[in-house]
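Worksheet: the structure to be examined is printed underneath.
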Amino acid sequence: MPPVRDAVDVAFLAAVALAAATASGHAVIYKRDSRSAAIWVLVIWILPALGPILYALVGVNRVERRAAKLRRGMVRHRVDRQFPTSEPGTHFTPLARLVEQIVGRPLCACNAIDPLIDGPNAYPAMLQAIGGARASIAMASYIFDADGIGAEFVGALGDAVKRGVEVRVLIDDVDARFSSSNAVKPLQKAGVNVAVFNPPLVPARLHALNLRNHRKILVVDGTVGFTGGMNIDCRYWKPEAPEAAFRDLHFRLRGPVVAQLMEVFADDWQFTTDEALRGPKWFPPLAEAGGCLARAIEAGPDEAFERVRWAILGGLNAAQRSIKILTPYFIPDQTLVAALDAAALRGVEVDIVIPEHSDLPHVHWAMFGQLWQVLDHGCRVWTRPGSFDHSKLLVVDGAWTLLGSANWDARSLRLNFEVDVECYSVELGAHLDGLIQARISASRALTLEAIDARPLPVKLRDGLARLFAPYL
């Protein structure tokens with residue numbers, strides 16, 4: 001063999017070894033999950049030429065890094081006003097302190113939180129608030145259709161502009177880019193100031209489906225807010241066939257917590273447009289409205305990383321009697337699974353209600369691929385029949401409630417921008433606990449025996465789908 005070729009081969013082998021050593025070293029140092037790190041190190045050294053390239057393309061977490069970079073240097077707005085604050089004064093006091101540490105917002109007293117069940121209750125309440133607006137409307141929606149009920153929102157927002165109301169609408173880029181019925185152009189035509197959240201510079205860029213704004217926020221005149229799981233989507237509004245409409249929960253908020261919801265929108269709007277929403281038009285003085293302690297929890301893959309997940313963990317660990325969960329997508333990580341199992345094993349009644357039918361089959365498969373992990377330790381799982389249920393709710397001991405946009409999956413808890421609200425109120429908690437119990441009564445129990453009895457091809461399908469849980 002010629003000496004030159006020998007030298008080239010040695011140089012190539014040295015380069016491959018250096019790349020493999022560098023990639024595996026990065027995995028060992030930066031991967032949070034030791035199992036993930038071990039798998040990547042194995043892949044890198046089994047495929048020493050291809051492994052480092054695969055790791056560089058899909059193994060390095062650029063989402064969190066890019067998210068932090070996106071908002072670096074942006075001054076976030078916080079209302080310079082003293083709101084009435086308090087602590088629960090119960091076994092939830094440590095939970096309230098934990099959430100304050102991770103969120104950096106006070107727990108506000110004197111709020112009123114009203115549940116709005118399904119589109120026929122939520123949409124008219126929101127349209128009524130928009131119709132009565134005098135100063136300002138701030139609205140963010142992951143999906144905003146221009147068809148059906150969406151056309152009524154476009155018309156109401158356009159009418160508000162004509163009345164001299166300052167209107168700002170923020171729609172996520174995924175809906176604006178990929179939905180032919182999105183409301184961006186109709187809103188612009190109606191004179192509404194509308195912006196698109198985080199459009200990628202290159203449409204095919206890998207992170208295009210990450211860093212999404214999944215928040216649903218409506219704040220009118222800075223005094224009344226709406227949030228929850230409901231998009232502006234004709235699938236939630238079918239007067240001609242109400243039994244076929246998607247089901248969901250939304251909430252109307254009044255009191256000091258509305259300012260926190262408005263802060264979240266103002267930060268997103270400033271990030272997207274560079275316009276700072278300030279002053280009494282957007283942040284007026286707020287009167288006491290009720291007896292609920294509440295706090296907004298914004299979360300995302302930037303500096304607000306995993307805040308909702310921390311709140312969920314705190315709530316599960318604080319439970320003494322009951323945990324009730326409504327979620328359309330239940331694919332928790334192993335830490336959340338362990339917290340649920342530990343609660344069940346110490347005698348807490350854990351009930352998880354999921355839809356019998358899903359709008360995303362691959363997510364449904366992944367759910368069924370890991371439900372045995374909670375059923376095996378005493379948690380109870382219920383499937384609600386009928387049309388798809390998109391509700392998101394966590395109630396602990398009938399006194400602590402977590403509501404908002406986040407699902408029990410990695411996309412919501414790690415990759416998306418979300419907003420939830422924690423509420424300390426026996427009155428609200430008992431009401432929502434009863435709502436979930438009513439749904440359980442109309443649902444079917446899913447047993448470990450039923451999971452084990454799935455045909456082998458179905459088990460393989462569900463297990464393969466579960467492998468993609470970190471990205472679903």
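Of the helices (runs of 4 or more DSSP H) entirely within the stretch 32-126, those holding at least 3 residues that are modelled with pLDDT of 75 or more and closer than 30 Å to Cys292 by Cβ occupy 93-103. The single condition from (1) more than 23 Å from Ala442 (Cα to Cα); (2) out of contact with any Asp or Glu (no Cβ under 8 Å at 6 or more places or on another chain); (3) open to solvent by 20 Å² or more (accessible area, probe 1.4 Å); (4) at pLDDT 95 or above that Val337 fails is (3).
Among the residues of this structure, Ala133 does not count as one that is among the aliphatic types (A, V, I, L, M) and either closer than 30 Å to Ile436 by Cβ or open to solvent by 10 Å² or more (accessible area, probe 1.4 Å) (or both).
Within the stretch 424-431, is there a residue that is open to solvent by 10 Å² or more (accessible area, probe 1.4 Å), among the acidic types (Asp, Glu) and either at pLDDT below 95 or within 30 Å of Val264 (Cα to Cα) (or both)?
yes
Set side by side, the residues Glu306, Glu240, Glu275 differ, and just one is at positive phi and surrounded by fewer than 24 Cβ atoms within 10 Å (Cβ to Cβ), which is Glu306. Scanning the stretch 333-360 for residues that are in contact with a helix residue (DSSP H, G or I) (Cβ under 9 Å, 6 or more places away or on another chain) and within 15 Å of Asp462 (Cβ to Cβ) turns up Ile354, Ser358. Among the residues of the stretch 425-463, those that are closer than 21 Å to Thr90 by Cβ and out of contact with any Lys or Arg (no Cβ under 9 Å at 6 or more places or on another chain) comprise Ser425, Val426, Glu427, Leu428, Gly429, Ala430, His431, Gly434.
This table checks each residue for (1) closer than 30 Å to Ala344 by Cα; (2) assigned to a strand (DSSP E or B); (3) open to solvent by 20 Å² or more (accessible area, probe 1.4 Å).
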site	(1), (2), (3)
Leu261	no, no, no
Trp269	no, no, no
Ile297	yes, yes, no
Ile312	yes, no, no
Asn317	yes, no, yes
Ile323	yes, yes, no
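The selection criterion, being in contact (Cβ under 8 Å) with a residue 12 or more places away in the chain and within 22 Å of the chain's Cα centre (by Cα), holds for Trp408. Taking the criterion of being of a type outside the set (A, V, I, L, M) and more than 19 Å from Ala276 (Cβ to Cβ), the residues of the stretch 161-180 that qualify are Lys162, Arg163, Gly164, Asp172, Asp173, Asp175, Arg177, Phe178, Ser179, Ser180.
Residue check: Ile117 meets all listed conditions (1) surrounded by fewer than 21 Cβ atoms within 10 Å (Cβ to Cβ); (2) farther than 30 Å from Ala244 by Cα but one, namely (2). Note on the stretch 373-406: residues that are of a type in the set (Ser, Thr, Tyr) and farther than 12 Å from Ile354 by Cβ amount to 3. Taken over the stretch 340-358, the residue count meeting the criterion of being of a type in the set (Gly, Ala, Ser), open to solvent by 10 Å² or more (accessible area, probe 1.4 Å) and part of a helix (DSSP H, G or I) is 2.
If you go through the stretch 120-130 and pick out every residue that is open to solvent by 10 Å² or more (accessible area, probe 1.4 Å) and of a type in the set (A, V, I, L, M), you end up with 3. Within the stretch 271-283, the set of residues being part of a loop (DSSP other than H, G, I, E, B) and in contact with a strand residue (DSSP E or B) (Cβ under 9 Å, 6 or more places away or on another chain) comprises Glu275, Leu277, Lys281, Trp282.
Quick check on the stretch 374-405: of everything there that is hydroxyl-bearing (Ser, Thr, Tyr) and open to solvent by 10 Å² or more (accessible area, probe 1.4 Å), which residue is farthest from Ile436 (Cα to Cα)? This residue is Ser387.
Within the stretch 449-472, the set of residues being of a type in the set (A, V, I, L, M, F, W, C) and open to solvent by 60 Å² or more (accessible area, probe 1.4 Å) comprises Ala453, Leu456, Leu460, Leu464, Leu467, Phe468.
Give the residues of the stretch 406-430 that are assigned to a loop (DSSP other than H, G, I, E, B) and farther than 29 Å from Asn198 by Cβ, sorted by residue number.
Ser425
Please verify whether the stretch 438-448 includes one or more residues that are open to solvent by less than 60 Å² (accessible area, probe 1.4 Å), under 19 Å from Lys392 (Cα atoms), touching a residue at least 40 places away in the same chain (Cβ under 8 Å) and assigned to a helix (DSSP H, G or I). Yes - at least one qualifying residue is present in the stretch 438-448. Scanning the stretch 278-295 for residues that are surrounded by fewer than 23 Cβ atoms within 10 Å (Cβ to Cβ) and not hydrophobic (A, V, I, L, M, F, W, C) returns Arg278, Gly279, Pro280, Lys281, Pro284, Pro285, Glu288, Gly290, Gly291.
Considering only the stretch 128-184, how many residues are touching a residue at least 12 places away in the same chain (Cβ under 8 Å) and either part of a strand (DSSP E or B) or among the aromatic types (Phe, Trp, Tyr) (or both)?
Summing the residues that are touching a residue at least 12 places away in the same chain (Cβ under 8 Å) and either part of a strand (DSSP E or B) or among the aromatic types (Phe, Trp, Tyr) (or both) in the stretch 128-184 gives 18.
Among the residues making up the stretch 424-444, those that are in contact with a strand residue (DSSP E or B) (Cβ under 6 Å, 6 or more places away or on another chain) and under 29 Å from Ala469 (Cβ atoms) are Leu432, Asp433, Ile436, Arg439, Ile440, Ser443, Arg444. Looking only at residues in the stretch 243-258 that are of a type outside the set (A, V, I, L, M) and open to solvent by less than 10 Å² (accessible area, probe 1.4 Å), the one that is farthest from Pro106 (Cα to Cα) is Asp248.
The values are calculated or read from the model by the stated rules, or taken from the named source; none is laboratory data. Because the structure is predicted, anything quoted here is derived from the model rather than measured. Here the Cβ is made from the backbone with ideal geometry for all residues, glycine too, and neighbour counts use every protein chain on show. When the accessible area is computed, the model is the full protein with side chains, heavy atoms only, and any ligands, DNA or RNA have been set aside. Shrake-Rupley method; radii C 1.70, N 1.55, O 1.52, S 1.80 Å.
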